[in-house]
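Here it is, the structure, as structure tokens.
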Amino acid sequence: MPKVVDHDQYRKELLQGSMALFAERGYGSVTMRQIAKELGVATGTLYRYFPSKEGLFVQLVHELREQALSKFFAQAPQEGAVEDRLRAMMDFVLEDIQYYHQQLLLWVDFYQQSLRGNGAEARFLRQMWDRAVQALAGYLQVSNPRVVDFILVFIDGLVLQLMYDRDVHDTEWFEEQFQLLTQVVIHLEQRCLAAQN
């Protein structure tokens with residue numbers, strides 16, 4: 001009897017396996033042939049699931065973003081003030097900050113490489129950002145999506161601090177940053193609400 005393959009699950013396994021190779025070597029330095037070899041599959045098999053390296057990477061970014069959002073919302077408190085919700089976001093990122101640092105650097109590499117092409121891939125990153133903003137705006141219950149933009153930019157900045165040899169265990173510094181973020185967000189939200197009245 002022929003083996004029954006769950007193609008969607010297999011595609012996800014290929015994506016997950018490719019992440020380690022991209023993270024180790026960077027987006028621009030990896031070929032489909034290298035990915036196939038690393039995953040132990042034929043190059044043709046990889047092309048059956050993904051039209052190109054760019055297509056594979058775009059699906060990978062989508063998959064990782066959706067996994068992160070699902071994981072966050074599964075554990076995030078659904079009650080509480082904006083400070084509590086911001087704390088949940090910060091704790092979520094800090095829990096695995098090195099992983100998010102690696103992802104962010106990989107997205108930058110992909111963006112740099114896509115500038116050499118038609119830019120469609122870079123627009124995909126924007127779509128992923130917008131998806132996160134939309135999901136988190138509802139969760140944070142803020143009236144202005146630009147405030148969520150600010151929060152995500154701030155968190156990306158914290159993640160990038162690892163490039164500057166920031167100690168991930170410097171809880172005092174991260175707590176200070178969290179307090180500053182909270183103050184700014186509350187101030188922005190108050191201004192938005194006052195402008196609406």
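Among the residues of the stretch 164-197, which ones are assigned to a helix (DSSP H, G or I), in contact (Cβ under 8 Å) with a residue 40 or more places away in the chain and within 23 Å of Tyr99 (Cβ to Cβ)?
Narrowing the stretch 164-197 to residues assigned to a helix (DSSP H, G or I): 164, 171-196.
Adding the requirement that they be in contact (Cβ under 8 Å) with a residue 40 or more places away in the chain leaves 174, 178, 181-182, 185-186, 188-189, 192-193, 196.
Within the stretch 164-197, Phe174, Phe178, Leu181 qualify.
Filter the stretch 59-78 down to residues that are in contact with a Phe, Trp or Tyr (Cβ under 9 Å, 6 or more places away or on another chain) and closer than 15 Å to Arg11 by Cα and give me whichever is surrounded by the fewest Cβ atoms within 10 Å (Cβ to Cβ).
His62
Table: residues versus (1) on the phi > 0 side of the Ramachandran plot; (2) acidic (Asp, Glu); (3) under 24 Å from the mean Cα position of the chain (by Cα); (4) exposed (fewer than 14 other Cβ atoms within 10 Å of the Cβ).
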site: Arg11; (1), (2), (3), (4): no, no, yes, no
site: Leu21; (1), (2), (3), (4): no, no, yes, no
site: Tyr27; (1), (2), (3), (4): no, no, yes, no
site: Val30; (1), (2), (3), (4): no, no, yes, no
site: Ile35; (1), (2), (3), (4): no, no, yes, no
site: Val41; (1), (2), (3), (4): no, no, no, no
site: Pro51; (1), (2), (3), (4): no, no, yes, yes
site: Phe57; (1), (2), (3), (4): no, no, yes, no
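For every residue, the table says whether it meets (1) modelled with pLDDT of 85 or more; (2) over 21 Å from Gly28 (Cβ atoms); (3) out of contact with any Phe, Trp or Tyr (no Cβ under 8 Å at 6 or more places or on another chain); (4) surrounded by 17 or more Cβ atoms within 10 Å (Cβ to Cβ).
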position	(1), (2), (3), (4)
Gly80	yes, yes, yes, no
Arg85	yes, yes, no, yes
Val93	yes, yes, no, yes
Ser114	no, no, yes, yes
Gly119	no, no, yes, no
Gln127	yes, yes, yes, no
Arg131	yes, yes, yes, no
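Of all helices (runs of 4 or more DSSP H) completely enclosed by the stretch 44-125, which ones contain at least 2 residues that are of a type in the set (Phe, Trp, Tyr) and within 23 Å of Gly17 (Cα to Cα)?
53-75, 97-114
Restricting attention to the stretch 163-185, does a residue exist that is touching an Asp or Glu at 6+ places or on another chain (Cβ under 8 Å), among the charged types (D, E, K, R) and modelled with pLDDT under 90?
No, because not a single residue in the stretch 163-185 is touching an Asp or Glu at 6+ places or on another chain (Cβ under 8 Å), among the charged types (D, E, K, R) and modelled with pLDDT under 90.
Could you go through the stretch 146-160 and let me know if any residue there is surrounded by fewer than 17 Cβ atoms within 10 Å (Cβ to Cβ), farther than 30 Å from Gln59 by Cα and of a type outside the set (Val, Ile, Thr).
The answer is no, given that none of the residues of the stretch 146-160 is surrounded by fewer than 17 Cβ atoms within 10 Å (Cβ to Cβ), farther than 30 Å from Gln59 by Cα and of a type outside the set (Val, Ile, Thr).
The values are calculated or read from the model by the stated rules, or taken from the named source; none is laboratory data. A quick note: this is a predicted structure, and the numbers were derived from the prediction, not measured. Neighbour counts run over all protein chains shown; Cβ positions are idealised from the backbone, glycine included.
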